[in-house]
Amino acid sequence: VLELLRGVQRGSEDRKSSLRRLRLALQNKETQQKLVRLDGSVRTLIGLFTSSLADMQMEAARCLHELSHSSDPVVAEACLPVTPYLLTYLSGHSVELTELCLYTLGNLVVESEAVRKQLLPQGIIPVLASCIQSPHEAVLEGLGYVLSQLLQAKEAPTEIIPLVLDSVLPQHMLRLVCSGFKAGMGAAVEFAWCLHYIVCSHTANAALLSLGALPALTSLLLDLASEIPQDAPEGLELLVCPVLRCLSNLLAEETGYEAQIQDERLLIALFLILQCLFQQHPFIVQEFLWLLNNLTADQPFFCSALLSLDLLPALLQLLPCSQMASVLVLTVLCNIAEKGPAYCQQLHRQPALPLLLPTLALPDPEVVGQCLELLHLLFLHWPEAAADFVRQGGHRALEQHQSNPQLQERARALLDMVGQPLGASAFSPCHATLSAFS
């Protein structure tokens, strides 16, 4: 390392070759640590990075980029003197150099709070805002990467998100998420995660809602669903996941904006996207069900749509996917049943009861407990369901749970209801909207 640095400093004819060899050496963790301990080493790289020789500048930028990959905060803090130059070159004419500077910044802010604290007063947010209208996909993707790293910092809710909200970034992020996937998935995915991190802070939801985030993200899902029969974009699941989470969390707020997305086509789009992704990416089921729960929790619109569009069989097919999927499917069914007799009558007409009997035999108390809550609502609002349940031998399944301390009270209450279908019992109310994963 010392010999390579001397070769660079002497200005010998093979200086460019020395820089290339140094860049390769800096892919090693120990080399990174040795370099920053050498007096004047980072200053030498900065000198070349700010030189007027374009080829030297690019090689020095690549060396600094390799350094930024270090997980050692000492290495990141050794790079503090380069941050103002990284910001300056974001407004340069070289797309490759801009992209390198963005990823170097993104890597540095991950590892060092000191770097983040230096970059904020240096104006990183306004500088990033000036880059977001770049026509280059590579620049936008790099920009999304930097922002996503900043927005995950522990100080983001108090120090970073307010600055982001005061800039033009949120509206442009929404625009790029909702239309950018057609040009290139990379930037759209990065900005979708940025929006997710902002929403999870719960300090910015009102601002995003006022920008039309709910209808914009709904339109995106409709567009994605329309693409699926022809040619689903590669990496679609990476975009769908944060979009579903954003919508789920925004709907968990009591905002009054829900009417903006009362469109039956949203349910059809969600089921189409799920059908496309489910086999290869089963994790998407849970994300889908979190959103469906929040759509059906309060307003009857999507409960009615789920039944009228005959989507209940597709929902019931998700029951055995996983423990969490079972709980969430049953919670969505509870949301529907809670809306009253007409809804319970339609649930009874669907093949729900035969599927609930095996669910009652599962060993998981949470799944069985949610199933008992659904049965309570059905029996309460539509007594014919109770009679049908007995004819199918359901009372025997309930009797099995009378000795379980977690379930016995509810099981006995249901057995009483089976005997007296209109009797009251002390069941807890249905689950309200749920915040998705942060």
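Things worth noting here:
- Verdict on Ala114 being part of a helix (DSSP H, G or I), out of contact with any Cys (no Cβ under 8 Å at 6 or more places or on another chain) and surrounded by fewer than 20 Cβ atoms within 10 Å (Cβ to Cβ): yes
- Set side by side, the residues Ala361, Ala386 differ, and just one is surrounded by 15 or more Cβ atoms within 10 Å (Cβ to Cβ), farther than 22 Å from Leu274 by Cβ and not β-branched (Val, Ile, Thr), which is Ala386.
- Residues located in the stretch 206-215, provided they are open to solvent by less than 30 Å² (accessible area, probe 1.4 Å) and in a helix (DSSP H, G or I): Leu208, Leu209, Ala213, Leu214
- Residue match in the stretch 318-330 (condition: among the aliphatic types (A, V, I, L, M) and closer than 23 Å to Ile228 by Cα): yes
- Residues of the stretch 327-359 that turn out to be among the polar types (S, T, N, Q) and under 21 Å from Gly393 (Cβ atoms), as a count: 2
- Selection within the stretch 69-85 - more than 30 Å from the chain's Cα centre (by Cα) and crowded, with 20+ Cβ neighbours inside 10 Å: Val75, Ala78, Cys79, Val82
- Test: residue in the stretch 328-342 that is modelled with pLDDT under 90 and touching a helix residue (DSSP H, G or I) at 6+ places or on another chain (Cβ under 8 Å): no
- Of Leu362, Leu356, all but one fail to be of a type in the set (A, V, I, L, M, F, W, C), under 35 Å from the mean Cα position of the chain (by Cα) and outside any helix (DSSP H, G or I); the exception is Leu362.
- Residues that are more than 16 Å from Ala188 (Cα to Cα) and either modelled with pLDDT under 95 or of a type in the set (Ser, Thr, Tyr) (or both), drawn from the stretch 130-151: Ser130
- The requirement of being part of a helix (DSSP H, G or I), among the basic types (Lys, Arg) and touching a Ser or Thr at 6+ places or on another chain (Cβ under 9 Å) is not satisfied by Arg20.
The values are calculated or read from the model by the stated rules, or taken from the named source; none is laboratory data. Keep in mind the model is a prediction, meaning the values are calculated, not measured. Ideal geometry is used to build each Cβ from the backbone, glycine not excepted, and the neighbour counts take in all protein chains shown. All accessible areas refer to the heavy atoms of the entire protein, side chains included, with ligands and DNA or RNA removed. Shrake-Rupley method; radii C 1.70, N 1.55, O 1.52, S 1.80 Å.
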